[in-house]
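Have a look at the structure below, then the notes.
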Amino acid sequence: MNALKRIFGGDTRQFGMIIALVALVLFFQLFTGGKVLTPTNMINLFNGNSYILVLAIGMVMVIIAGHIDLSVGSVAAAVGIVVAIAMRDWGIPWYLGIVLGLVLGAVIGAWQGFWVAYVGIPAFIVTLAGMLLFRGLNQFVGKSLTVPVPDEFRVMGSGFLPEIGDFARYNAPTVILGFLLVAGVVFMEFRKRRIEAKTGAEQDPLWVPIVRLTLLAAAILYVTWLFSTGRYGTSFPVSGLILVGLVALYVFITTKTVLGRHVYAVGGNRHAAELSGVRSKKVNFLVMMNMSILASLAGMMFVARSTSSGPADGVGWELDAIAAVFIGGAAVSGGVGTVIGSIVGGLVMAVLNNGLQLLSVGADMQSIIKGLVLLIAVAIDVYNKSQGRRSIIGMLMSGLKSNQPVTAADETTKTSEVIAAPEPAEPAK
Amino acid sequence: MTIPTTHKDPLILEMRSITKEFPGVKALSDVNLRVKAGEVHAICGENGAGKSTLMKVLSGVYPYGSYSGDIVYQAEVQQFKDIRASEHAGIVIIHQELALIPELSITENIFLGNEPTKRGVIDWAEARRRSLELLARVGLRENPDTPVKEIGVGKQQLVEIAKALNKSVKLLILDEPTAALNESDSQHLLDLILGLKGKGITSIIISHKLNEIEQIADSITIIRDGKSIETLDVKGDGVDEDRIIKGMVGRSLESRFPDHTPDIGEVLLEVKDWTVGHPQVQDRLICKGSNFTVRKGEIVGFAGLMGAGRTELARSIFGRSYGNFISGHIYKNGKELHIRNVPQAIDAGLAYVTEDRKVLGLNLLDDIKTTTVSANLKAITKGLVVDERKEFSVAEGYRKSMRTKAPTVNEGVAKLSGGNQQKVVLAKWMFTDPDILILDEPTRGIDVGAKFEIYGIIQELARQGKGVIVISSELPELLGLSDRIYTIFEGAITGVLDKKDATQESLMKLMTSAARPNGNGTATQTLNA
C-alpha cells in the first residue's frame, strides 16, 4: 500500500481519485461485457465530453481565484450561434469563424471580468446575470432556430487525424503521438529528478519513478492502441487533441508562471497577496476573461460535433464543469485546485455517464448516482481536511512535481492546533 | 461546593490561580482577581498583558476545562461551558467591537436570542414596552424601532448595556467601552456605570484611559505579562495615574535584547504632512498631518495604543494600501517618491511586514519556498517561467541563515509556529532587498526565544544600512530596540524621544490623554474591527 502511494504521489486523496477512475473503468468494462474499452466507445467518450473538460480547465482557475462562473453554458451557446451565422450568412471561412468566436469570447470575458474585478460585484451575481444575458443573446441572434455549420468546421468536434498509408491497420498519427507522449513523460520525470538532485531535495528510490513510468507508459500505449485500431478512418479524435494541448498549456501556466502563482495567491489570501504586490484586480479580470474564452472554444467544439448551433446548446454545462472541479479536489474557499485534478474529476463523471448509459440505466438513476458521487467525493475531502491531512489533490501530479513522502508529523497535526498555535495572548481587536 | 464568605467583605467574584495556555504561549499564569459586590473594578495592563483573555475565561468563551484554576462566583465554583451559561448566571460581557446587528432595530437587538413569546410567537408589543423601560434606565431617548446602524457608536454602547440589563445582569464586564466614544458620550457612559453601581450592579471595566479609571473605579487590578501584579484600593491607597502606569510597565529590561551598536547615517526616508482619511467614514482622519524621518541604519519605534493609527499610517505609506489618501509627501534620499500602489512601493524599496500574519501576511495554503519568493517573483523568473531551482535555493538560504525550524522549505507555513512563520515573512521581504522596512508588531504571539532571534534579525538589517520602522504595543520592546521613538495618539504624532530620554512612563504619557491634541474628538477605530 505504501509503495503504491509513493508511485502515485503519496497523497491519499489523489491516490483515491486515480484508483476510483481505474476501478470505474474496469467495473463498467466487466458489467457491460467489454463495451467500454472499445475504439468506438472511447471516441464517443472523448467527443462527447471534451468540451466539458475544456470548461473545467477554465473553471478550476476561476475557483482557485475564489470565484465561480455560472455563465459558461450560455456564453458557449451565444458564441456558437454567432459563429454559425457568420459562416452561413456572411460566408466567412471556418478558420476566421474560430478566430471570431475566440475574440467574441474575449469580449464577453472582459465584460464579466470588468464587473467582477473592477466594480467588485461577486462573480456569482455577475455570471448569474451573464447566464440569462447570453442565453437571451443566443436566442435573439438565432431567432431560436438551429443553424448548421460547414463540414470543415466540424472537424474540431468530430474529426480525426488523417490516415497515412495502410500502416499494418494502425492509424499512424495516433501511434506517433502516443510514443511522443511516452517520451515526453519519461523526459519530464528524469528532468525532475535531475532538479531534485541539484537542489538537494529528498528523492524517491529509483524503482519508484521506474514503476510509475512503466504504469503510465503502459496506460498511454494501451489507449494509443485502442484509438489506432478502430474503424478505418478513425483515430484519436481532434477534440481530444485540442484538449490534451490545452491541458499541457494550462498545467504550464498554473504551475510554472508568475500569473499562475498569482492566481493561487489571490485565492489563498487576497489581502496578503495585495500586500505582496500582486495586482489582484488584474488577476481576477484575466481569470474571468480566460474562462469566457475557453467557454467560447467549448461552444464551438460542441457546435462542430452536433453539426449545428441551437437555442438549447450548453444548458447545464456550468454544473458539469463545476462538479468536475470540485471532485478534482478544489476548495470552495479558493486557493486550492489543479488542472489535472479537474480533468480527472471530469473523466470520473464522464466514465460514470458513459458506463451507466451502456448499462441502460435510466436518466433518473444516472442523475441520482452522479449527485451522490459529487457529494461523497467532497465529503471525503472535508473529512480529510478536518483530520489535518493535506486533503486536496492539490498536487495531483506531484508525481511529476515534488513527490514528498508523507511524514508522520503530517498525519497527526490537527488543523485546529495549527490554527490555535500562534494565537497572541490577547487577540488583536 | 460552597465557600464561606464573611459579611464584611462580600465578594461577588473570585478568580483563583487562573492559568490559560495557547500552544507555545502562556497567556495567563496564576492570575488572581477578587471583585467585591457592588463595586466598579478596573483591570489595567498593556496591550497583550492578558486582560481580554482573562475576561474570556470568565465569560465562558474559553470553556471550563480549557484553563486551570477556579472561578468562584456568588460563593460557588462555576464551570461555564459557554457564554450562554455565564449569562444565565448574570455575567454579561460587552466587547469592544459591539455585538449588535446593524440592520435590526433597537428593540430587536435588545431581545435578540432572548425574545419574549406568547404561545410560541414573539410578543413584539411586550418587547417594545420593555425596551422603552430599558432605554429609560440607560438614559437613551431614541425610538426603539430605529435601526441600530442609524444611531451613533455612543448610543449603540447604551443599547448593549440595555441588552445586558434585560438579561438581569449582576456582573457587567466592559472591554474598552469608551475607546470609540467622544468626550461627552464617554462621560455619559461613565455616569451610567456609576448609576448602575448605585442599583447594586457590579462592573468590571477594562480601559486604557487611566483618567477615566481614576474617576470611577473603586479598586484596580493590574495585570502584566499574563500575571496579576497587584490590586489597588483607589480611595484607600490614594492611587493616581502615575501609580497605575508604574504598575503596568514595571518590569526589567535586562538582556532581553542582543547587543547592538547603532551606526546611523543621513536621512533616508522623510514623510511630510501625511494626512489620510478613513476608508469608509467621510471626514474622519486616520492620519493627521504626520511628519517623521528615518535615517540609514536607524531603528525607529512607533508607540501608540491599539487604534491610535499606527498601522493605518504604515499601510497608507506602503502603497496607499489603506484609507483615502488626502495629502502628504514621501522623500527617499531627498527625492520625492510618487507611490500609488503596492507594486510601486516595493519597487521604491519599501517593505511592510503586517501586524496580523494570518489575515494579512500569509497565504496559509502555501509552503515556505513559495511564500519566501512571493513578493519578488520577477527575480527568479526567466521569460515566463518561475525557476523552481532558484526558488528552492533562495528559500533554503534564508531558512538556514535565519534558523527557521522546519524540515524542508516544502513545509506548509500553516504548520509552523508563530516565530518561524514570522521568520518566513521577514525572509520574504528581505528577498525584495528593501531600503526601508516597516515591521508592524513583529513579535506578537511569539515566544521569548524566537523574539530574541527576531530582534537580532532586525538589528542586522539596520547594520546593513537599512532604515527600520518598528511598530509595537510593547513598550519594553520599543525601548530595547529603537534608536528613536515616535508616539501616536488618535492619528497624530504627539512626540518623539531619543532612546536615552525615553522611559515607559514618558512614552505612556505621550501615548495617552496626557498630550491630547485638539482632534475631532472621535478616536480612530482599529483596522481589523
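The values are calculated or read from the model by the stated rules, or taken from the named source; none is laboratory data. Source: prediction; values computed, not measured. Cβ coordinates were reconstructed from backbone atoms using ideal geometry, including for glycine residues, and neighbour counts include every protein chain displayed.
So here's what we get for this one:
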quantity: Options A:332, A:351; residue that is surrounded by fewer than 24 Cβ atoms within 10 Å (Cβ to Cβ) and either in contact with a Gly (Cβ under 9 Å, 6 or more places away or on another chain) or in a loop (DSSP other than H, G, I, E, B) (or both); calculated: A:332
quantity: Residue list for the stretch B:397-420, restricted to those being polar (S, T, N, Q), out of contact with any helix residue (DSSP H, G or I) (no Cβ under 7 Å at 6 or more places or on another chain) and crowded, with 18+ Cβ neighbours inside 10 Å; calculated: B:408, B:417, B:420
quantity: Test: residue in the stretch B:412-424 that is farther than 26 Å from residue B:452 by Cβ and within 9 Å of chain A (Cβ to nearest Cβ); calculated: no
quantity: Residue that is surrounded by fewer than 21 Cβ atoms within 10 Å (Cβ to Cβ), at positive phi and in contact with a strand residue (DSSP E or B) (Cβ under 9 Å, 6 or more places away or on another chain), where the choices are B:30, B:70; calculated: B:30
quantity: Among residues of the stretch A:1-40, those that are surrounded by fewer than 21 Cβ atoms within 10 Å (Cβ to Cβ), modelled with pLDDT of 85 or more and assigned to a helix (DSSP H, G or I), counted; calculated: 12
quantity: Options B:438, B:469: the member that is in contact with a strand residue (DSSP E or B) (Cβ under 6 Å, 6 or more places away or on another chain), within 14 Å of chain A (Cβ to nearest Cβ) and β-branched (Val, Ile, Thr); calculated: B:438
quantity: Qualifying positions in the stretch A:183-207 - surrounded by fewer than 18 Cβ atoms within 10 Å (Cβ to Cβ) and of a type in the set (A, V, I, L, M, F, W, C); calculated: A:183, A:185, A:186, A:187, A:188, A:190, A:195, A:197, A:206, A:207
quantity: Residue A:280 out of contact with any strand residue (DSSP E or B) (no Cβ under 6 Å at 6 or more places or on another chain), surrounded by fewer than 23 Cβ atoms within 10 Å (Cβ to Cβ) and of a type in the set (Gly, Ala, Ser); calculated: yes
quantity: The stretch B:188-247 - residue that is without any contact (Cβ under 8 Å) to a residue 40 or more places away in the chain, part of a strand (DSSP E or B) and not aliphatic (A, V, I, L, M) and, of those, nearest to residue B:45 (Cα to Cα); calculated: B:230
quantity: Checking residue B:394 against (1) surrounded by fewer than 23 Cβ atoms within 10 Å (Cβ to Cβ); (2) among the aliphatic types (A, V, I, L, M); (3) assigned by TED's automatic domain parsing to the domain that holds residue B:265; (4) at pLDDT 90 or above, the condition it does not meet; calculated: (3)
quantity: Residue match in the stretch B:256-276 (condition: within 22 Å of the chain's Cα centre (by Cα) and in the same structural domain as residue B:507 (by TED's automatic domain parsing)); calculated: yes
quantity: Any hit, the stretch A:174-189, residues being in a helix (DSSP H, G or I), at pLDDT below 85 and not hydrophobic (A, V, I, L, M, F, W, C); calculated: yes
quantity: Matching residues in the stretch B:14-56 - criterion: being outside any strand (DSSP E or B), among the hydrophobic types (A, V, I, L, M, F, W, C) and within 12 Å of chain A (Cβ to nearest Cβ); calculated: B:49, B:54, B:55
quantity: Failed item, numbered, when residue B:446 is tested on (1) outside any helix (DSSP H, G or I); (2) more than 11 Å from chain A (Cβ to nearest Cβ); calculated: (2)
quantity: Filter result for residue B:108 (part of a helix (DSSP H, G or I), of a type outside the set (Val, Ile, Thr), at pLDDT 90 or above and crowded, with 19+ Cβ neighbours inside 10 Å); calculated: yes
quantity: Tally of residues being closer than 24 Å to residue B:407 by Cβ, of a type in the set (A, V, I, L, M) and in contact with a helix residue (DSSP H, G or I) (Cβ under 7 Å, 6 or more places away or on another chain) across the stretch A:176-200; calculated: 1
quantity: Residue within the stretch B:93-102 that is of a type in the set (A, V, I, L, M), away from chain A (no Cβ under 14 Å), in contact with an Asp or Glu (Cβ under 7 Å, 6 or more places away or on another chain) and part of a loop (DSSP other than H, G, I, E, B) present; calculated: yes
quantity: Looking only at the stretch A:269-288, and only at residues there that are of a type in the set (A, V, I, L, M, F, W, C) and assigned to a helix (DSSP H, G or I), the one that is farthest from the other protein chains (Cβ to nearest Cβ); calculated: A:288
quantity: Whichever residue in the stretch B:362-376 is over 15 Å from residue B:416 (Cα atoms) and crowded, with 22+ Cβ neighbours inside 10 Å and, among such residues, is farthest from the other protein chains (Cβ to nearest Cβ); calculated: B:373
quantity: Subset of the stretch B:142-169 that is assigned to a helix (DSSP H, G or I) and of a type in the set (S, T, N, Q) - its residue that is nearest to the chain's Cα centre (by Cα); calculated: B:157
quantity: Odd one out for residue B:150 among (1) touching a strand residue (DSSP E or B) at 6+ places or on another chain (Cβ under 7 Å); (2) more than 25 Å from residue B:200 (Cβ to Cβ); calculated: (1)
quantity: Condition check for residue B:462: at pLDDT 90 or above, crowded, with 21+ Cβ neighbours inside 10 Å, assigned by TED's automatic domain parsing to the domain that holds residue B:297 and part of a helix (DSSP H, G or I); calculated: yes
quantity: Selection from the stretch A:222-268 of residues that are in a helix (DSSP H, G or I) and among the polar types (S, T, N, Q); calculated: A:224, A:228, A:239, A:254, A:255
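Residues checked against (1) in a helix (DSSP H, G or I); (2) more than 7 Å from chain A (Cβ to nearest Cβ); (3) under 27 Å from the mean Cα position of the chain (by Cα):
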site	(1), (2), (3)
B:343	yes, no, no
B:352	no, no, yes
B:360	yes, no, yes
B:391	yes, yes, no
B:395	yes, yes, no
B:399	yes, yes, no
B:403	no, yes, no
B:406	no, yes, no
B:409	no, yes, no
